[in-house]
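The block underneath contains the structure these notes are about, expressed in structure tokens.
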């Protein structure tokens, strides 16, 4: 009898020790995950800042090369100031996301958000043989943190542009609404995505821009689409893709309307 009791006591002690070790490991994992999140967010911030700083540099260079053209210089400075303002908002937005803070959503006209994106991109897509077609009703609004959804759409637009270089093509952005949601589609006629890559396309650090066929090879960080999914998920929406190699891709963002 005594032996059985001793064995039970020993088992309970070993179980308690294992539970304590398990709890300690879970705490360490949580700390490591927090550090990993900080690293991912830092990379995402660098990725997004690069999207905005490139046109800022282009505007500054344009102004310096044409100091006597007052109209051109003024236009370049205005665009530079606008891009810097957007960069500040993006930094605030992404840091708030990293801290888990809720940000204020509001109704924003989608066409205005799209127009602001193209203003920040600086380079005319027509110079790369890309025709842009926008089919968005002027009255259509989305319930969102505007700067965040602009970053989603900017990433999709830049990816579409990369997919169509150097031969050019058609970039189409269209939107529609139903009783419960707003659907935005970004379609290109570029190189498309291999079927084996589609299931991983929104994974962090996964990129298709490292293969030899991509004009942007070695420039892909694998963060853009992961960042897009994170933002869309935080809005209670979803993002999906349909693509065929050599035929192009369509990314669809669906956002819920406020109930």
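The values are calculated or read from the model by the stated rules, or taken from the named source; none is laboratory data. None of the values given here were measured: they were computed from a predicted structure. Cβ placement follows ideal geometry from the backbone for every residue including glycine, while neighbour counts extend to all protein chains displayed.
Data table
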{"read-out": "The lone exception for residue 48 - which of (1) more than 26 Å from residue 171 (Cβ to Cβ); (2) in a helix (DSSP H, G or I); (3) modelled with pLDDT under 75 it fails", "value": "(1)"}
{"read-out": "Some residue of the stretch 64-82 being at pLDDT 65 or above, within 30 Å of residue 256 (Cβ to Cβ) and outside the structural domain of residue 146 (by TED's automatic domain parsing)", "value": "yes"}
{"read-out": "The one condition in (1) within 15 Å of the chain's Cα centre (by Cα); (2) over 22 Å from residue 241 (Cα atoms) that residue 125 fails to fulfil", "value": "(1)"}
{"read-out": "One residue from 159, 200, 180 being over 21 Å from residue 82 (Cβ atoms) and at pLDDT below 90", "value": "200"}
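So that you can scan it fast, the table gives a plain yes or no per residue for (1) surrounded by fewer than 18 Cβ atoms within 10 Å (Cβ to Cβ); (2) not in a helix (DSSP H, G or I):
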position: 118; (1), (2): yes, no
position: 148; (1), (2): no, no
position: 152; (1), (2): no, no
position: 179; (1), (2): yes, yes
position: 187; (1), (2): no, yes
